[in-house]
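The values are calculated or read from the model by the stated rules, or taken from the named source; none is laboratory data. What you are looking at is a predicted structure, and each value in this text was computed from that prediction instead of being measured. Every residue, glycine as well, gets a Cβ built from its backbone with ideal geometry; the counts of neighbours run over all protein chains shown. All accessible areas refer to the heavy atoms of the entire protein, side chains included, with ligands and DNA or RNA removed. Shrake-Rupley method; radii C 1.70, N 1.55, O 1.52, S 1.80 Å.
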Amino acid sequence: MIKNNKKILVIGAGFGGIASALRMRALGYDVTLIDRLSAIGGRAQVFNRGGFKHDAGPTVITAPFLFDELFELFDENREDYVEFRALDPWYRFYFHTGEQFDYRPSVEDTNKEIARFSPKDVKGYSRLLKASQAIYEIGFEKLSDKPFTKFWDMMAQIPSLIKLQSYFSVSGIVNKYIKHPLLRQAFSIHPLLVGGNPFSTTSIYALIHYLERRWGVFFAMGGTGKLVQSLYDLMNKNGVKIILDTDIAQIEVKNNKALGATSTDGRFFSADRIICNGDPPTVYSQMLPGEKNRSKRLFPEKLTQYSMGLYVLFFGTEKTYEDIAHHTIWMGPRYKELLSDIFDRKILADDFSLYVHRPTATDSSFAPDGCDSFYVLCPVPNLRADIDWDETGPILQERIINELSNTIMPDLKSVITDDFYMTPVDFKDDYRSMHGAGFSIAPIFLQSAWFRFHNRDPHIDNLYFAAAGAHPGAGIPGVLSSAKVVESLVIEDEKKQQS
Ligand SMILES: Cc1cc2nc3c(=O)[nH]c(=O)nc-3n(C[C@H](O)[C@H](O)[C@H](O)COP(=O)(O)OP(=O)(O)OC[C@H]3O[C@@H](n4cnc5c(N)ncnc54)[C@H](O)[C@@H]3O)c2cc1C
């Protein structure tokens, strides 16, 4: 490894921070990774309660090559650390009509499922996949790991973005090809996985259909926590310094240069370059006070749209539910209107839709014998809404358990054990996420690419962002790509300094 005496400080040990730390270390920098929590992983924390294990955040692994690359930087194989197990079905949809739809790894099997609902939509799905592939080839392959730090970077891509009709929404594209109302829901939920309303998220995110087909959908055996532990081991082995339980209060800046950062307990960490993995709006408003009034994005905070909040209910069951797939999407009776309640009206409706995670479908290490481990994720308004979560948390828990007991999980009320939940308040307090949003700013067109937080600060040359709120966006593939963009900017900046 090339030695380089320069210091890089990475603030935040989510996947974007970890990937940045590894990439910088591979370039030979002296790298320190700091997080306020007691474990690395960011939203991918692990909770253990009463013999049940829970991944707190991401569970669906797509684009596995982005992880493989991190191990290859150090001539290692990811497979030697953690196994990615292919899933089938990828997702099982349960609709309020009682019907189920399995979204499966083979197109042929998926077509059979589609035909049970609407034979005509089989052709439509094939056209949707073609459209998704065209978006993927530009949106993912060409743009996701390229910087959009200059307006001209964006202008150069305008013809492609117009060609891809990225000013349309994901639902707009899906509805063009799919006609059955329930299948329209199933094929348009992807934006919710990155915090967006399918009816307003830029259609660039329709690339996820093809991304899944191209690379598959996996589960990290042992859980996402095992993947995080593997990355910890890789960092440790290769000399990344990891400092936990350390909250950065302020980034110190002089003459448009970041000098280092001070923690809440008064320690100063000097650095030649700083990479922020914390939520960009929080960094700018709370950790860079002098920068608050300098324009970082075209639109001010009050016009900024944030992703939804998440209510996540964790529990074990004293029996197993063999019919519940690893990833189950439980759809309530309303779709577009419910999403409007969450994103626009910002009210907590009586009904909901849920994502149910049952890791024990694939990996028995998550629960004692004869038991299952679950988390149920319910999209809710973020903290811009007027909701008292101390009061609402237990009420929502009861409603969710009732609905699941009455539908796909009979007897749940009598077999549930070791339950607890997280609300948007926990996302704000634990991860310093602005407005407790699950996925930072929303993935709408006017908050994407150059319009999103830039990967390098426009005024402070040695301050970078690899995070869900920066380009290209949320989700594990997004933040791992964000770290690749930062790497290319650091290389470019080093060259400039040397010339
Ligand atoms: C419940 C849930 C389920 C999800 N499921 C999936 C999924 O299945 N697949 C997928 O691809 N994506 C999923 N996502 C999205 C994905 O997890 C996130 O977009 C991604 O992990 C965010 O990574 P990040 O690098 O931006 O950092 P984060 O995970 O946001 O971590 C940032 C870290 O920075 C730390 N930090 C912040 N400020 C400071 C400070 N001042 N000082 C020190 N430390 C600080 C925080 O404590 C945190 O640890 C899910 C998200 C959630 C919440």
Assigned to a helix (DSSP H, G or I), without any contact (Cβ under 8 Å) to a residue 24 or more places away in the chain, of a type in the set (A, V, I, L, M) and surrounded by 15 or more Cβ atoms within 10 Å (Cβ to Cβ): does that describe Val122? yes
Could you tell me which numbered condition Phe95 fails, if it satisfies all but one of (1) away from the ligand (no atom under 16 Å from the Cβ); (2) buried (at least 16 other Cβ atoms within 10 Å of the Cβ); (3) over 30 Å from Asp418 (Cβ atoms)? (3)
The strands (runs of 3 or more DSSP E) lying entirely within segment 273-390 that contain at least 2 residues which are within 12 Å of the ligand (Cβ to nearest atom) and aromatic (Phe, Trp, Tyr) are 309-317
Looking only at segment 59-74, and only at residues there that are outside any loop (DSSP other than H, G, I, E, B) and open to solvent by less than 30 Å² (accessible area, probe 1.4 Å), the one that is farthest from the ligand (Cβ to nearest atom): Phe71
Can you tell me how many residues within segment 432-445 are buried (at least 24 other Cβ atoms within 10 Å of the Cβ) and within 12 Å of the ligand (Cβ to nearest atom)? 9
Where residues in segment 79-92 are assigned to a loop (DSSP other than H, G, I, E, B) and not charged (D, E, K, R), which of them is most open to solvent (accessible area, probe 1.4 Å)? Tyr81
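Here's the yes/no breakdown for (1) free of Cβ contacts under 8 Å to residues at least 24 places away in the same chain; (2) among the small types (Gly, Ala, Ser); (3) open to solvent by 70 Å² or more (accessible area, probe 1.4 Å):
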| position | (1), (2), (3) |
| --- | --- |
| Trp152 | yes, no, yes |
| Gln157 | no, no, no |
| Ser160 | yes, yes, no |
| Gln165 | no, no, no |
| Ser171 | no, yes, no |
| Asn175 | yes, no, no |
Give the residues of segment 446-475 that are open to solvent by less than 20 Å² (accessible area, probe 1.4 Å) and near the ligand (Cβ under 10 Å from one of its atoms), sorted by residue number. Phe465, Ala466, Ala467, Gly469, Ala470, Gly473, Ala474
Give the number of residues within segment 395-424 that are of a type in the set (Gly, Ala, Ser) and either open to solvent by 30 Å² or more (accessible area, probe 1.4 Å) or not in a helix (DSSP H, G or I) (or both). 1
Please go through segment 231-245 and give me each residue that is outside any loop (DSSP other than H, G, I, E, B) and crowded, with 20+ Cβ neighbours inside 10 Å, ordered by number. Leu231, Leu234, Met235
Restricted to segment 251-270 and to residues being outside any strand (DSSP E or B) and among the polar types (S, T, N, Q), the residue least open to solvent (accessible area, probe 1.4 Å) is Asn256
For segment 98-119, enumerate the residues that are touching a Lys or Arg at 6+ places or on another chain (Cβ under 9 Å), exposed (fewer than 15 other Cβ atoms within 10 Å of the Cβ) and without any contact (Cβ under 8 Å) to a residue 60 or more places away in the chain. Lys112
Number of the condition not met by Ile34 [criteria: (1) more than 13 Å from the ligand (Cβ to nearest atom); (2) open to solvent by less than 40 Å² (accessible area, probe 1.4 Å)]: (1)
Can you go through Ile204, Ile248 and tell me which one is in contact (Cβ under 8 Å) with a residue 12 or more places away in the chain, open to solvent by less than 20 Å² (accessible area, probe 1.4 Å), among the hydrophobic types (A, V, I, L, M, F, W, C) and within 30 Å of Pro443 (Cβ to Cβ)? Ile248
Filter segment 185-195 for residues that are out of contact with any Pro (no Cβ under 7 Å at 6 or more places or on another chain) and touching a residue at least 60 places away in the same chain (Cβ under 8 Å); which is nearest to Gly57 (Cα to Cα)? Leu193
Cβ contacts < 7 Å: first residue more than 8 Å from the ligand (Cβ to nearest atom), restricted to segment 11-29; second residue part of a loop (DSSP other than H, G, I, E, B) and not hydrophobic (A, V, I, L, M, F, W, C), any location; separation 6+ or different chain. Result? Ser20/Asn277; Arg25/Asn238; Arg25/Gly239; Leu27/Asn4; Gly28/Lys3; Gly28/Asn4; Tyr29/Asn4; Tyr29/Lys6
